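Undergrad: This is the structure I want to talk about, given as structure tokens.
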Amino acid sequence: MMKSKKAVLDLINSWVDYVAIIMLIVGFIFSVSLGSAFMSYVVIFFCGIFIGRVLYYHRNAFPFKYYIISLVFLVGYLFGTYFSFGSREAIVIIFIIATIISYYIHDKKYIKS
């Protein structure tokens, strides 16, 4: 099977779409696999910490794509909460607070990596 150059360029230019779909599925699987509301809150807190780190390290690049990917992950996680435990409002608040805390900690150089 012969692949055209246009198909390869399309994959390179639209990688954000493919990563967003994968993150939607990962967020859904994370949320559905947890058995309690407390574990759901802990996992979304650590995911927010990770997203804050990613947003900090890519702050000089065009960060909008990383905001979209993190938002799609959060939407997938929220879809999974319809089948599992936890308040959707609390999950959104915890995710946003953890992201802001992580970005602030990296910005003030409390964590060096």
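Undergrad: Could you please tell me which pairs satisfy a Cβ distance under 7 Å, a separation of 6+ or placement on different chains, a first residue in segment 53-65 that is part of a loop (DSSP other than H, G, I, E, B), and a second residue that is modelled with pLDDT of 85 or more and surrounded by fewer than 13 Cβ atoms within 10 Å (Cβ to Cβ)?
TA: Short answer, once both residue conditions are applied: none.
Undergrad: Checking the condition at pLDDT below 90 and either within 29 Å of W15 (Cβ to Cβ) or in contact with a Lys or Arg (Cβ under 9 Å, 6 or more places away or on another chain) (or both), which residue from F64, F85, F73 passes?
TA: Criteria check complete, one pass: F64.
Undergrad: Mind counting the residues in segment 6-37 that are out of contact with any helix residue (DSSP H, G or I) (no Cβ under 8 Å at 6 or more places or on another chain), at pLDDT 85 or above and exposed (fewer than 11 other Cβ atoms within 10 Å of the Cβ)?
TA: 0
Undergrad: For F28, are the conditions met, namely being in a loop (DSSP other than H, G, I, E, B) and not small (G, A, S)?
TA: Judged against the criteria, F28 is not a match.
Undergrad: Output the residues belonging to segment 61-100 that are touching a helix residue (DSSP H, G or I) at 6+ places or on another chain (Cβ under 8 Å) and hydroxyl-bearing (S, T, Y).
TA: Y66, Y67, S70, Y77, T81, S84, S87, T99
Undergrad: If you go through segment 70-103, how many residues are surrounded by fewer than 17 Cβ atoms within 10 Å (Cβ to Cβ) and part of a helix (DSSP H, G or I)?
TA: Selection size over segment 70-103: 12.
The values are calculated or read from the model by the stated rules, or taken from the named source; none is laboratory data. This one's a predicted model, so the numbers in the text were calculated from it and none came from an experiment. Using ideal geometry, Cβ is built from the backbone for each residue, glycine included, and neighbour counts are taken over all protein chains shown.
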